[in-house]
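Visitor: The structure's right below; bear with me while I get my questions together.
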Amino acid sequence: MISIIIPIYNSELYLEECLSSIYKQTIHDFEVICVNDGSIDNSLDICKSWGGRDPRFKVFSQDNSGVSAARNKGLDLAKGDYVCFVDSDDIIHELFLEKLIGHAGQNDLVICDWTRGDYFGVDGKAKLYTVRESVDAIVYEKIKHPNIPCFLFRKDIIDANNIRFDLGCVKNEDYEFYMKYLAVCKRGVMILDYVGYYYRENSSSAMHTPMNLKSLSSVEASRRIDETLYNTGAFDKKGLVLANGVLTYVYFTTRYKKWDLYEYLHKNYDVVASMKMMLQFPVLKKRMVAISYIILGKRLFYYLVR
């Protein structure tokens, strides 16, 4: 059985379509764990309506605690052999579960593609990776950056390694979760060229929240990922994941003209060392950011790039 965990907060505009897309799946052995995270709109009523129609749809509520707490609650309640996450304003293709579970038997992880518009449902080739190959592909951005709703996880691996979402992290918490999971995988990782997940452009989602000090929890997530991957032997370039996180937020605090956050990064991380490490990163635009920072220096980089 597959446990589908949905954190829900004020999603009444899109929730019906989301749950309907799950109901229409071509396989039927699943449970839907709807975790209402203190919604103040009609989200809870919509969930209860689905629960009354189909016992596979199970509804739980908690005080508003954030998406990580909601997903963790779902993991605690999940009874399936496999777990996936769906966001409450998105939809999944009708073959989503069938495609993912079809490749799960001999593999520890299955990942599909996602879209914000075209090609929803388009199916291509599947490629089998070792754990090291998949970590390299994700860290070095050789593949399109996967999002956590595109993953099918084994519940026994999650439980055996006590993998949960970090409650103090408000950005990159999903990246940290699946990289910690990857670090302890032993068997293959199947990456599908199948566009099974549709991300809705929603200005009220967490992806569009203003940049503030909490946003920089992403950099600490990068540090923890870096340590986990290196300590488990899943990745041998110590410091690179952290360096990428530092570069990313040095750039964005500059573009958003957040001098206080820019200063915070310089006080808490070795920005120069991170930029030097990124000079060997395969993505040209990131190497260009690193080169620009090294040539211009801290202040001139900020005033010119912003």
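The values are calculated or read from the model by the stated rules, or taken from the named source; none is laboratory data. If you're wondering where the values come from, they're calculated on a predicted model, not measured in any experiment. In this analysis, Cβ positions are derived from the backbone assuming ideal geometry, glycine residues included, and neighbour counts consider all displayed protein chains. These area figures cover heavy atoms from the full protein model, side chains too; ligands, DNA and RNA do not enter into them. Shrake-Rupley method; radii C 1.70, N 1.55, O 1.52, S 1.80 Å.
Visitor: When the residues of the range 209-239 are narrowed to those that are over 19 Å from the mean Cα position of the chain (by Cα) and assigned to a helix (DSSP H, G or I), which ends up modelled with the lowest pLDDT?
Guide: Across the range 209-239, the extreme among qualifying residues is 213.
Visitor: Given the structure, is residue 246 open to solvent by less than 40 Å² (accessible area, probe 1.4 Å), part of a helix (DSSP H, G or I), within 20 Å of residue 136 (Cα to Cα) and of a type in the set (Val, Ile, Thr)? Please lay out each step first, then the result.
Guide: On the way: open to solvent by less than 40 Å² (accessible area, probe 1.4 Å): yes; part of a helix (DSSP H, G or I): yes; within 20 Å of residue 136 (Cα to Cα): yes; of a type in the set (Val, Ile, Thr): yes.
Here the answer is yes, as residue 246 does meet what is asked.
Visitor: Of all residues in the range 36-59, count the ones that are among the β-branched types (Val, Ile, Thr) and under 27 Å from residue 121 (Cα atoms). Steps first, please.
Guide: We begin by selecting, within the range 36-59, every residue among the β-branched types (Val, Ile, Thr); these are 40, 46, 59.
When the remaining residues are screened for being under 27 Å from residue 121 (Cα atoms), the result is 46.
Residues meeting the conditions: 1.
Visitor: From the list 155, 180, pick out the single residue that is among the basic types (Lys, Arg) and open to solvent by 50 Å² or more (accessible area, probe 1.4 Å).
Guide: Values: 155 fails: open to solvent by 50 Å² or more (accessible area, probe 1.4 Å).
Just one listed residue meets the conditions, 180.
Visitor: Out of the residues in the range 155-180 that are outside any helix (DSSP H, G or I) and touching a Phe, Trp or Tyr at 6+ places or on another chain (Cβ under 6 Å), state the one that is nearest to residue 109 (Cα to Cα). Walk me through it before giving the result.
Guide: Kept after step one, since they are outside any helix (DSSP H, G or I), are these residues of the range 155-180: 161-172.
Filter once more, so that each one left must be touching a Phe, Trp or Tyr at 6+ places or on another chain (Cβ under 6 Å): 163, 165.
Details: 163: 14, 165: 18 Å.
Of everything passing the filter in the range 155-180, 163 is nearest to residue 109 (Cα to Cα).
Visitor: What about residue 166, is it modelled with pLDDT under 95, closer than 29 Å to residue 249 by Cα and acidic (Asp, Glu)?
Guide: Working: modelled with pLDDT under 95: yes; closer than 29 Å to residue 249 by Cα: yes; acidic (Asp, Glu): yes.
It is true that residue 166 is modelled with pLDDT under 95, closer than 29 Å to residue 249 by Cα and acidic (Asp, Glu).
Yes/no per residue for (1) open to solvent by 70 Å² or more (accessible area, probe 1.4 Å); (2) within 30 Å of residue 15 (Cβ to Cβ); (3) touching a residue at least 60 places away in the same chain (Cβ under 8 Å); (4) touching a Phe, Trp or Tyr at 6+ places or on another chain (Cβ under 6 Å):
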{"residue": "213", "(1), (2), (3), (4)": "yes, no, no, no"}
{"residue": "227", "(1), (2), (3), (4)": "yes, no, no, no"}
{"residue": "241", "(1), (2), (3), (4)": "no, no, yes, no"}
{"residue": "260", "(1), (2), (3), (4)": "yes, no, no, no"}
{"residue": "281", "(1), (2), (3), (4)": "no, no, yes, no"}
{"residue": "286", "(1), (2), (3), (4)": "no, no, no, no"}
{"residue": "299", "(1), (2), (3), (4)": "yes, no, no, no"}
{"residue": "303", "(1), (2), (3), (4)": "yes, no, no, no"}
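Visitor: Could you say whether any residue in the range 263-271 is in contact with a Lys or Arg (Cβ under 7 Å, 6 or more places away or on another chain), modelled with pLDDT of 95 or more and open to solvent by less than 70 Å² (accessible area, probe 1.4 Å)? Full working, then the answer.
Guide: Filtering the range 263-271 down to residues in contact with a Lys or Arg (Cβ under 7 Å, 6 or more places away or on another chain) leaves 266.
Now restrict to residues that are modelled with pLDDT of 95 or more: 266.
Pick out the ones that are also open to solvent by less than 70 Å² (accessible area, probe 1.4 Å) and you get 266.
The answer is yes, given that some residue of the range 263-271 is in contact with a Lys or Arg (Cβ under 7 Å, 6 or more places away or on another chain), modelled with pLDDT of 95 or more and open to solvent by less than 70 Å² (accessible area, probe 1.4 Å).
Visitor: Taking the residues in the range 137-152 that are among the aliphatic types (A, V, I, L, M) and open to solvent by less than 30 Å² (accessible area, probe 1.4 Å) as candidates, determine which candidate is farthest from residue 1 (Cα to Cα). Outline the logic, then answer.
Guide: Here is the first cut: in the range 137-152, the residues among the aliphatic types (A, V, I, L, M) are 137-139, 143, 148, 152.
The next check asks that each one be open to solvent by less than 30 Å² (accessible area, probe 1.4 Å); those that pass are 137-139, 148, 152.
Details: 137: 29, 138: 28, 139: 31, 148: 19, 152: 12 Å.
Per the criteria, the residue is 139.
Visitor: Considering the range 124-153 alone, what residues qualify as being out of contact with any Cys (no Cβ under 9 Å at 6 or more places or on another chain) and among the small types (Gly, Ala, Ser)?
Guide: 124, 126, 137
Visitor: For the range 5-44, which residues satisfy the criterion of being open to solvent by 20 Å² or more (accessible area, probe 1.4 Å), in contact with a strand residue (DSSP E or B) (Cβ under 9 Å, 6 or more places away or on another chain) and part of a helix (DSSP H, G or I)?
Guide: Answer for the range 5-44, where residues must be open to solvent by 20 Å² or more (accessible area, probe 1.4 Å), in contact with a strand residue (DSSP E or B) (Cβ under 9 Å, 6 or more places away or on another chain) and part of a helix (DSSP H, G or I): 17, 20, 23, 44.
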